[in-house]
Amino acid sequence: MRKRVLGAVVAALALTLAGCSGKATEGKDTEADKGGVKTGQGVTDSAITLGSLTDMTGVYASLGKSVTQAQQLWVKQTNAAGGICDRKIELTVRDHGYDPQKAIAAYTELEPDVLGFTQFIGSPFVAAVEQRIDGQDHGVVLPQAWSANLLGSPYVRVIGATYDIETINLIDYLVSEKRIAKGDKIGQVYFEGDYGENALAGAKYAAQQAGLTVVEQKIKPTDNDMTAQVSALKQAGVKAIIVSAGPRQAASLVGVAAATGFKVPVVGNNSAFAPQLLATQAGPALLGDYYVAASTLPIGDPGAGPSKLAKEYAAAYPKDGLDNGVVAGWTAASVYGEALKKACDAKDLTREGVDKALLTITGYGSDFGISHDFTDPKAPSTRQSVILKPDAKAPGGLVVVRPAAVSPAAESYTLK
């Protein structure tokens with residue numbers, strides 16, 4: 001089932017896409033190397049070039065930096081081990097600063113020269129080019145975005161639970177911990193656009209199943225002061241708050257609530273936390289009654305996968321801290337790598353060959369707490385979520401309070 005993308009973003013970028021759509025049809029011819037491996041865009045006899053569309057200067061700057069550096073580490077290690085299919089991996093990075101025009105321009109620039117993309121931050125931006133990806137470009141994109149609107153594409157593949165499912169699992173956690181009960185009101189502060197509205201859809205479904213009422217507060221990514229939202233939710237008498245926004249908004253919300261004596265649990269989607277915030281004035285509040293969901297164990301977990309990655313990342317980037325962007329970036333790059341290896345075995349390193357290879361990957365990523373299945377483009381790779389809590393003593397600032405699980409409501413939820 002194809003997903004409806006947000007018309008406002010698509011309309012705003014329509015002229016940009018129309019003006020450059022012809023370029024994407026060039027250079028589609030395939031050829032075979034000496035070993036009989038078919039190749040196409042982004043692949044030469046000596047290199048496989050991948051693209052990275054990230055945010056290092058905008059609302060998700062800390063996430064983008066960690067994701068990108070983790071993927072660069074993967075490239076370095078992969079090449080040191082001999083590369084893939086007798087080729088070195090090259091990663092071309094562009095920072096779009098979470099600006100829609102820059103994001104689309106960067107995609108347009110890189111698309112003709114890369115095999116595909118190991119990351120693309122921003123659900124609305126990915127959605128804006130999804131029709132072009134599906135219709136003519138066909139390069140596999142593994143976005144750092146979890147909107148259910150992205151599901152259904154043969155080439156844009158979501159790694160992890162989508163925002164709606166993630167939110168359902170968060171509400172289940174609050175119910176199971178007896179923090180909220182039937183008849184209660186819960187607030188939701190959410191970004192306008194794909195991310196927030198997809199999370200809201202999940203909240204409404206979970207609320208219906210549990211006999212709760214959702215009180216909505218829509219915000220923009222540029223809104224950083226949550227005083228008005230906290231005041232409105234306090235007046236409404238909510239017993240818990242969901243924040244489906246960025247780290248800055250989450251920190252402001254939790255900090256304002258604590259400062260005004262509004263003591264309710266706050267839960268956030270995977271992109272609503274950054275450990276750097278623990279060193280700010282909001283730090284003590286975030287360490288109090290705040291929780292986030294994720295589709296992997298945190299980077300500071302003592303498990304074998306996170307421990308090994310944390311050690312290697314710290315050695316490569318000794319001046320930078322750890323956060324869950326490291327796990328997300330590494331996971332996406334390694335999934336892409338696995339698809340490339342399978343495509344090589346099938347002697348087809350074209351874009352279509354990599355996509356076919358990705359469809360065969362199951363049970364991947366268990367070292368980080370959750371196994372992912374990529375055989376169905378209409379489904380996220382998992383419906384499980386790990387519930388995490390900020391902890392200043394933990395590397396990366398998060399610890400597990402509930403292991404990977406899928407709630408009954410998330411299991412029965414029909415993706416729309």
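Percent of Cα pairs in the stretch 36-136 per distance bin of 10 Å, from zero to the largest separation: 16, 44, 31, 9, 0. Between Gln131 and Glu192, residue separation times 0.36 nm minus the direct Cα-Cα distance comes to 19.8 nm. When the stretch 343-391 is described by a simple charge dipole with +1 on each Lys and Arg Cβ and -1 on each Asp and Glu Cβ, the residue from Leu359, Ser385, Ala346 located farthest towards its positive end is Ser385. Its alpha carbons considered, the stretch 318-383 gives a radius of gyration followed by a Dmax of 13.6, 41 Å. Spacing of the modelled spin labels on Lys185 and Ser46, each 7 Å from Cα toward Cβ, amounts to 6.6 nm. If you run the Gaussian network model on the chain, springs between alpha carbon atoms under 10 Å, then out of Thr162, Thr78, Thr331 the most flexible one is Thr78. Counting only Cβ charges, +1 for Lys and Arg and -1 for Asp and Glu, the dipole size of the stretch 66-148 around its Cα centre is about 260 debye. Set Lys and Arg Cβ to +1 and Asp and Glu Cβ to -1, take the dipole of the chain about its Cα centre, and tell me which of Val129, Val256, Phe273 lies farthest positive. Checking the options against the dipole of the chain, the answer is Val256. For the chain, the residue among Leu287, Gly305, Ala80 whose Cα projects farthest onto the positive side of the dipole built from Cβ charges is Leu287. Relative to the longest principal axis of the Cα atoms of the chain, helix 7-20 runs at roughly 20 degrees. For the stretch 147-177 versus the stretch 60-91, the inter-centroid distance based on Cα atoms is 26 Å. Cross-link pairs exceeding 32 Å between alpha carbons, from the set Lys38/Lys308; Lys341/Lys378; Lys65/Lys378: Lys38/Lys308. Using a cut-off of under 12 Å, list every residue of the stretch 315-332 whose amide N is near the label point 7 Å from the Cα of Ala279 along the Cα-to-beta-carbon line. In the stretch 315-332, the label zone of Ala279 (backbone N under 12 Å from the point 7 Å along Cα→Cβ) covers 319-322. Placing a label point 7 Å from the Cα of Ala304 along the Cα-to-Cβ direction, the residues of the stretch 365-387 whose backbone N falls under 18 Å of that point are 365-372.
From least to most packed, judged by other beta carbons within 10 angstrom and beginning with the fewest, Tyr317, Tyr195, Tyr291 follow the order Tyr317, Tyr291, Tyr195. Shown here are the Rg and Dmax of the Cα trace of the chain, at 20.8, 71 Å. Exposure proxy shown here: for Glu338, Glu166, the number of other Cβ atoms within 10 Å sets the order, fewest to most, as Glu338, Glu166.
Reported to the nearest whole Å, the Cα centre-to-centre distance from the stretch 357-416 to the stretch 284-299 is 15.
Give the lysines whose C-alpha is closer than 26 Å to that of Lys185, dropping any in the same chain fewer than 8 places away, or say none. Within the straight-line cut-off, Lys185 pairs with Lys204, Lys218, Lys220, Lys234, Lys239, Lys263, Lys389, Lys416. Once the Kirkwood radius over Cα pairs is known for the stretch 168-289, the Stokes-Einstein relation at 37 °C and 0.692 mPa s delivers a diffusion coefficient of 233 µm²/s.
Can you compute the FRET efficiency between Ala105 and Ser412 using 1/(1 + (r/R0)^6), with r the Cβ-Cβ distance and R0 = 51 Å? Round to the nearest 0.05. That pair, Ala105 with Ser412, gives E of 0.80.
Where a number appears in this text, it was derived from the coordinates with a stated rule and is not lab data. This one's a predicted model, so the numbers in the text were calculated from it and none came from an experiment. Using ideal geometry, Cβ is built from the backbone for each residue, glycine included, and neighbour counts are taken over all protein chains shown.
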